[in-house]
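Structure first, commentary second.
The values are calculated or read from the model by the stated rules, or taken from the named source; none is laboratory data. Nothing here was measured: the structure is a model prediction, and the numbers come from that model. Accessible surface areas use protein heavy atoms only, side chains included; no ligands, DNA or RNA. Shrake-Rupley method; radii C 1.70, N 1.55, O 1.52, S 1.80 Å.
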Amino acid sequence: MEDQEMQLKVRRGNDKFTESMYVLANEPSVALYRLQEHVRRSLPELVQHKTDMQSWEEQSQGAIYSVEYACSAVRSMANSSVYFKNIDSLLRQAISMKEKISSSQGRRKRTMDPSMPREAGEKHNSGM
């Protein structure tokens, strides 16, 4: 009978000890300690990922700005064809007017000095 009582007391003590260990192992402070350890181990890697992502974001923003600027420049170049045509027309008019002025000045000098040879007068006028 004493053996059975002793076994019962040992079993109860063992059960109490197991329960106490279970409570200690799952106590909130232990859980917080485990959480702290996890954060301590994983935080440097997360920080590195964050800095990498920020760097990639900056590079992407720079590339996006460059592409948008290039698209804007191409659009403005396409719109400027009207201006280039106008400039071409004005240059042609200016050249035509210059030729008319040069030829009229050459005629005027020849009429004023008939003894002047024709080639010399043209060479003199082309220098102006």
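Here are the numbers for the structure shown:
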item: Heavy atoms of D15: accessible area, 1.4 Å probe, square angstrom to 10; result: 90
item: Per-residue SASA entry for I95, accessible area with 1.4 Å probe, Å² rounded to 10; result: 100
item: Sulfur and carbon atoms: percent of accessible area, the range 1-74 [1.4 Å]; result: 60
item: Reach of K109 by Cα under 24 Å, taken over lysines that are not fewer than 8 positions away in the same chain; result: K98, K100, K123
item: Per residue, in Å², the accessible surface of the range 11-91 once ligands and nucleic acids are set aside, probe 1.4 Å; result: 93
